[in-house]
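Some notes on the structure that comes next.
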Amino acid sequence: MRLCPTSKTNVIIGNFPLEPLSEIGLADWHLSHMVYNRKKLYVFVHALTGYSIMLYGLTKKDFKRIGELFYEALKESLLSDYDGHESVSRFSSFHEEMSFHKLTDKKVLGTTTYLMRILPSFLDLTSENNLVQYRLSKKMNSMLIKHDYPKRLLASLLDELSQKGQIC
């Protein structure tokens, strides 16, 4: 997984050195955050599809294992949305190792900005007790972005990769 935090989010999570991302790939996620009820809600947006996963209430010590937390959230979310799809386990395996990068792609930045603008309308779906916000993520993934729905875009990406033999 190549994680591309916003500059403000990078300062919060540990000020990692960011190498520029030359090309958008399958395992690239843009990370932003917002504060809700005095806790931070971290929004991970898939760079190619706009598919989002949200983690709420992470602390600074949780960022030592952010890769593990995100990977588990990704697997659960994909299995929930695409149960029975043969490519889910292989797609999530692309995300096991994590590195931090600087994102310069304006389309991806625009998608994340759009999601962050409409997100406050749905914060009532946030569960105080859960780290992974499945209901909120499902709602955001059913919103029209990039002239399609992120859930459908990711499904077509999984199908395309499966047909090409890149994901078995």
Original post:
Which condition does residue 97 not pass, out of (1) surrounded by 15 or more Cβ atoms within 10 Å (Cβ to Cβ); (2) touching a residue at least 60 places away in the same chain (Cβ under 8 Å), if it passes all the others?
Top reply: (1)
**OP:** Being modelled with pLDDT under 85, among the hydrophobic types (A, V, I, L, M, F, W, C) and buried (at least 21 other Cβ atoms within 10 Å of the Cβ) narrows it down to one of 91, 63, 44, 16, so name that one.
**Re:** 91
Original post:
Any residue in the stretch 122-133 that is within 16 Å of residue 7 (Cα to Cα) and in contact (Cβ under 8 Å) with a residue 24 or more places away in the chain?
Top reply: no
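The values are calculated or read from the model by the stated rules, or taken from the named source; none is laboratory data. Here the structure is a predicted model, which means the values were calculated and not measured. A quick note on method: Cβ atoms are made from the backbone with ideal geometry, for glycine too, and the neighbour counts reach across all protein chains shown.
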